[in-house]
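Here is the structure we will look at, set down as structure tokens.
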Amino acid sequence: MSVAWAAAYTWRDRVSEWGQILFASRGMLTAHTGAGLWVIPAHQAVWVPAGVRHSVEVAGGVALRALYLSPLDAAVRGRLPEVCRMVEISPLLREVLRRTMRLKTLDRRIAPERHLLDILLDELTVLPLTPLDLPMPRDARAARAAAWIRADPAARHTLDEVARASAASPRTLERLFRAETGLAFGVWRQRARLLHALQRLAEGETVGGAAGAVGYESTSAFVAAFRRALGTTPGRYFKRPADEDDEESPAAARNDRKTGD
């Protein structure tokens, strides 16, 4: 599937019988599931297994690409995880994705297409995972705390204040976040802020504006936190290579494409 938007848009609550590789040839996507959310810049992709309910937010000017892989294919079942994962798009994977989008459908009965699918699966299983996900807690108290933080990422509420608003003790809230997200409460909150900042940067916000929007007192403090979390500065992060072979205008129509028959 290939589609671009001139204005912001959200695909809400869809479930596919096929697994999906979602990525943007330009711009940034945000994918939501019951387990968390993933911010997906143009140099990364997210794997969404078959049967996972999800929604996708896109900003204006984003070009979305999706490859669908059949869960009936033994290679897909055996090699790709049953939970969402984000990966870097290597130069080889980018070329494989381009070739697959041009072919529209891969059929294992055709040797060259079978080899292309095998390379695609090889790359997806060897590429490093990326840390741009925000796992969501399931407990009602922790979920209220998470929603409160995401609604106002610039707020400077203490753990005690968030706990009171969530009808939990600070110790309980910290325990729930560690148990259900794998992150300490403070680490989870910082990641939520960084992901919100990434979305604003992708929409054209300045680094200083994004820093202020998520509660940093200075741009330098925000850049330092960004570098610690993502290994580079915001400016360099958004200059990573992206797929520039788009043929659609922002008003392009959708073309359904199935991979893995």
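No lab work stands behind these numbers, since they all come straight from the coordinates. Just so it is clear, the model here is predicted, and its values are computed rather than measured. Counting neighbours? That spans all protein chains shown, and the Cβs are built from the backbone with ideal geometry, glycine included.
Can you tell me the order of 216-222, 20-26 when each peptide is scored by its average per-residue count of other Cβ atoms within 10 angstrom, highest first?
Numbers: 216-222: 14.7, 20-26: 22.0.
Final packing ranking: 20-26, 216-222.
Just to check, using Stokes-Einstein with a Kirkwood Rh over alpha carbon pairs, what's the diffusion coefficient of the stretch 1-62 at 37 °C and 0.692 mPa s in µm²/s? Write down the numbers at each step before the final one.
Working: Rh = 11.7 Å.
Estimated via Stokes-Einstein, D reaches 280 µm²/s.
For ALA7 and VAL126, compute 0.36 nm times the residue count separating them, minus their Cα-Cα distance, and round to one decimal in nm.
On the way: separation 119, 0.36 × 119 = 42.84 nm, distance 3.50 nm.
So the chain would gain 39.3 nm between ALA7 and VAL126.
Once you place label points 7 Å from the Cα toward the Cβ at ASP107 and GLU88, how far apart are they in nm?
It works out to 3.7 nm between the two label points.
Using only the Cα atoms of the chain, what do you get for the radius of gyration and for Dmax, in Å?
Radius of gyration, then largest Cα-Cα span, for the chain: 19.2, 61 Å.
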